1. Could you list, in sequence order, all residues of the range 16-45 that are more than 17 Å from Thr88 (Cα to Cα), not small (Gly, Ala, Ser) and not in a strand (DSSP E or B)?
2. Checking Thr3 against (1) polar (S, T, N, Q); (2) modelled with pLDDT under 95; (3) in a helix (DSSP H, G or I), which test does it fail?
3. Of all residues in the range 46-77, which are modelled with pLDDT under 95, surrounded by 12 or more Cβ atoms within 10 Å (Cβ to Cβ) and not in a helix (DSSP H, G or I)?
4. Among the residues of the range 70-91, are any closer than 18 Å to Asp21 by Cα, without any contact (Cβ under 8 Å) to a residue 60 or more places away in the chain and basic (Lys, Arg)?
5. When only residues in the range 78-90 that are within 11 Å of the chain's Cα centre (by Cα) and of a type in the set (A, V, I, L, M) count, which is surrounded by the most Cβ atoms within 10 Å (Cβ to Cβ)?
6. With respect to Ala36, is the statement that it is closer than 17 Å to Val83 by Cβ and exposed (fewer than 14 other Cβ atoms within 10 Å of the Cβ) true?
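The values are calculated or read from the model by the stated rules, or taken from the named source; none is laboratory data. Keep in mind the model is a prediction, meaning the values are calculated, not measured. Please note: Cβ atoms are built from the backbone with ideal geometry, for glycine as well, and neighbour counts cover all protein chains shown.
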Amino acid sequence: MTTHTDTDADVDADVPLRRPDLDVSEAEDGLVILTADGGQVHHLNGTAALIFELCDGRTSIAAIAEAVDATVTAGPVGVDEVVRCVRTLRAREIVT
């Protein structure tokens, strides 16, 4: 397992990837994600859902942060917030 840290080099090189075996459904305020085995259900708010959708294995955390910041109107979203969100998604094993 790769360890992820918060250095600038890491956010430029780290390209998270959604697991392909998840059942993802839209919710009124984000996404509902069911693991393939049906054992876990995750609810993502709108910002976390956008971050999750941008985890395509090609887009770096730095680029995800830029895209989210340009999209979200509730206030600025920085790299640190995206790093924390991706860490949480990885801990829940819905992003690698």
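1. Pro20, Asp21, Glu28, Asp29, Asp37, listed by residue number.
2. If we test Thr3 against (1) polar (S, T, N, Q); (2) modelled with pLDDT under 95; (3) in a helix (DSSP H, G or I), just (3) comes out false.
3. Selection gives Val72, Val77.
4. Checking the range 70-91: not a single residue is closer than 18 Å to Asp21 by Cα, without any contact (Cβ under 8 Å) to a residue 60 or more places away in the chain and basic (Lys, Arg).
5. First, the residues of the range 78-90 that are within 11 Å of the chain's Cα centre (by Cα): 81-90.
So of that shortlist, the ones also of a type in the set (A, V, I, L, M) come out as 82-83, 86, 89.
Working: Val82: 26, Val83: 20, Val86: 23, Leu89: 22.
Top of the filtered list is Val82.
6. Details: closer than 17 Å to Val83 by Cβ: no; exposed (fewer than 14 other Cβ atoms within 10 Å of the Cβ): yes.
In short, no.
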